[in-house]
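The next block holds one structure in the form of structure tokens; read it before the comments.
The values are calculated or read from the model by the stated rules, or taken from the named source; none is laboratory data. Values in this document were obtained by computation on a predicted structure and should not be read as measured data. Positions of Cβ are backbone-derived with ideal geometry, glycine not excepted, and every protein chain shown enters the neighbour counts. For accessibility, only protein heavy atoms count, side chains too; no ligands or nucleic acids. Shrake-Rupley method; radii C 1.70, N 1.55, O 1.52, S 1.80 Å.
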Amino acid sequence: LVFACYLWSADNLSWLGIDGGLGLASKIGVAFTVAVMGGIGINTAHEMGHKKTELERWLAKITLAQTFYGHFYIEHNRGHHVRVATPEDPASSRFGESFWTFLPRSVWGSLKSSWELEKTRMQRLGKSTWSIHNDVLNAWLMSVVLFGALIAIFGPVVIPFLIIQAVYGFSLLETVNYLEHYGLMRQKTASGRYERCAPAH
């Protein structure tokens, strides 16, 4: 990520055999390449977010900082796992729904859900929602610090790069969500609760 910021912002890459800096097509190529690594990083963060040790869970949030998707840490573990394959889960694509309809619904729905989950947790702990202990806020703060440091070092010229790689990176995660959960629906039981997830789903 740091090297890509350098490549994006440098106006003299003669040591790489390039006259001047990167052209527009090359810059976009660098952004998409780094975005793919960010998208794969989300999968790594997903696994670390399931671990019990505090260190691995913090590493999950640090990994999510690149794509500014730290709220995924909350929503996936405490929202998606509970509501998967139900209309209440923003990350479960509906039968007949296109990816382009699903993407904004999942992104904004996951964001809203993670905030509500943390707000409830903070209230239960007797703390302010706007506390640093709010895992959505501290995850976003990691992204703000990372992006702020990169902009301070390489200049505002890297802002488009940071946006492109973040959006494309988290869109890769949402592509996986779309494919994995497409059309899956758990039925409600007589008690009004959804049936347990099973291989049939």
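List of remarks:
- Scanning the range 79-98 for residues that are without any contact (Cβ under 8 Å) to a residue 40 or more places away in the chain and within 15 Å of the chain's Cα centre (by Cα) gives GLY79, HIS80, PRO90.
- Looking only at residues in the range 3-25 that are touching a residue at least 12 places away in the same chain (Cβ under 8 Å) and in a helix (DSSP H, G or I), the one that is surrounded by the most Cβ atoms within 10 Å (Cβ to Cβ) is TRP8.
- Residues satisfying the stated conditions in the range 56-100, i.e. more than 23 Å from ALA149 (Cα to Cα) and open to solvent by 80 Å² or more (accessible area, probe 1.4 Å): ARG78, HIS81, VAL82, GLU88, ARG94, PHE95, TRP100
- Scanning the range 124-141 for residues that are assigned to a loop (DSSP other than H, G, I, E, B) and either within 23 Å of LEU59 (Cβ to Cβ) or of a type in the set (A, V, I, L, M) (or both) yields a count of 5.
- LEU146 vs. criteria open to solvent by 30 Å² or more (accessible area, probe 1.4 Å), modelled with pLDDT of 95 or more and among the aliphatic types (A, V, I, L, M): yes
- Selection status of VAL107, free of Cβ contacts under 8 Å to residues at least 40 places away in the same chain and either within 27 Å of ALA35 (Cβ to Cβ) or within 21 Å of the chain's Cα centre (by Cα) (or both): no
- The one condition from (1) within 22 Å of GLY109 (Cα to Cα); (2) open to solvent by less than 30 Å² (accessible area, probe 1.4 Å) that VAL34 does not meet is (1).
- In summary, SER191 fulfils each of the numbered conditions (1) in a helix (DSSP H, G or I); (2) open to solvent by 40 Å² or more (accessible area, probe 1.4 Å) with the single exception of condition (1).
- Hits in the range 95-123 (condition: among the small types (Gly, Ala, Ser) and part of a loop (DSSP other than H, G, I, E, B)): GLY96, SER98
- Selection over the range 9-39 of residues that are modelled with pLDDT under 95 and of a type in the set (D, E, K, R) gives a count of 2.
- Every pair of residues 6+ apart whose Cβ atoms lie under 6 Å, when the first sits in the range 139-163 and is aliphatic (A, V, I, L, M) while the second is open to solvent by less than 70 Å² (accessible area, probe 1.4 Å) and not in a helix (DSSP H, G or I): ALA139/GLY70
- Yes/no for TYR73 being at pLDDT 95 or above and assigned to a helix (DSSP H, G or I): no
- Which listed residue, of GLU88, GLU47, is charged (D, E, K, R), out of contact with any Lys or Arg (no Cβ under 8 Å at 6 or more places or on another chain) and not in a helix (DSSP H, G or I): GLU88
- Pick from the range 153-188, criterion within 23 Å of the chain's Cα centre (by Cα) and among the small types (Gly, Ala, Ser), ranking: surrounded by the fewest Cβ atoms within 10 Å (Cβ to Cβ): GLY183
- Restricting the range 101-128 to residues that are surrounded by 15 or more Cβ atoms within 10 Å (Cβ to Cβ) and of a type in the set (S, T, N, Q), the residue that is nearest to HIS201 (Cα to Cα): SER106
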